[in-house]
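Q: Handing you this structure, nothing more for now.
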Amino acid sequence: MGVLVIDTLDLADIEWSPDDSAIVIWDSPLDYKVLIYSLDGRCLSKYQAYESGLGVKTVAWSSCGQYLEVGSYDQMLRVFDHLTWKIFVDFMHLSTVRIPCSVAGFKKVDEPLQLDMSRLSLSNEFMQGNSENHPEGHSRVRCKV
């Protein structure tokens with residue numbers, strides 16, 4: 001068993017990659033630093049978005065294990081690719097999340113839709129066979145429910 005010296009001010013947490021090939025380590029919220037180490041102790045990547053200000057808030061692996069997501073106090077979510085350890089994409093999020101004014105809800109029902117066919121009506125043009133504005137063999141139907 002060897003000793004691994006980690007370049008952090010105050011190690012906040014560590015997490016194994018889903019395929020157990022790497023370890024991600026991040027510093028306390030007071031220092032922005034994310035480190036990726038191989039199992040043999042080599043530093044694969046060191047990322048520091050900025051030097052002053054609050055740092056890493058949360059770290060998580062994608063369900064497929066190919067991306068590492070790092071959320072920070074600068075309102076950014078950075079997504080790293082597991083092959084290059086470079087930022088794949090980054091997103092900015094608002095500091096305040098507002099609840100929507102209206103919410104649409106859906107419920108799956110197992111019974112078939114009951115449609116009252118007596119309320120359907122066809123346009124007068126269709127009933128009279130008016131096809132002046134329509135190409136041969138094509139008709140438009142307008143239904144009112």
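Q: Out of everything in segment 1-13 that is touching a residue at least 24 places away in the same chain (Cβ under 8 Å) and part of a strand (DSSP E or B), what residue ends up being nearest to I36 (Cα to Cα)?
A: D13
Q: For residues that are surrounded by fewer than 18 Cβ atoms within 10 Å (Cβ to Cβ) and in contact with a Leu (Cβ under 7 Å, 6 or more places away or on another chain), scanning just segment 31-44, find the one that is farthest from V70 (Cα to Cα). Give the steps one after another, and end with the answer.
A: Of segment 31-44, the ones surrounded by fewer than 18 Cβ atoms within 10 Å (Cβ to Cβ) are 38-44.
If we keep only those that are in contact with a Leu (Cβ under 7 Å, 6 or more places away or on another chain) too, we end up with 38, 41, 43.
Details: S38: 19, G41: 22, C43: 18 Å.
The extreme case among them is G41.
Q: Does any residue of segment 67-90 turn out to be among the charged types (D, E, K, R), in contact with a Lys or Arg (Cβ under 8 Å, 6 or more places away or on another chain) and at pLDDT below 90? Lay out the reasoning, then the answer.
A: Let us first name the residues in segment 67-90 that are among the charged types (D, E, K, R), namely 69, 74, 78, 81, 86, 90.
Retained after the next criterion (residues that are in contact with a Lys or Arg (Cβ under 8 Å, 6 or more places away or on another chain)): 69, 90.
After this cut, where a residue has to be at pLDDT below 90 as well, the list is 90.
Yes.
Q: Go over the candidates L44, L4 one by one and state the one that is hydrophobic (A, V, I, L, M, F, W, C) and either closer than 16 Å to I87 by Cβ or in contact with a Cys (Cβ under 8 Å, 6 or more places away or on another chain) (or both).
A: L44
The values are calculated or read from the model by the stated rules, or taken from the named source; none is laboratory data. Everything numeric in this text was worked out from a predicted model, so none of it was measured. Every residue, glycine among them, receives a Cβ derived from its backbone with ideal geometry; neighbour counts consider all protein chains shown.
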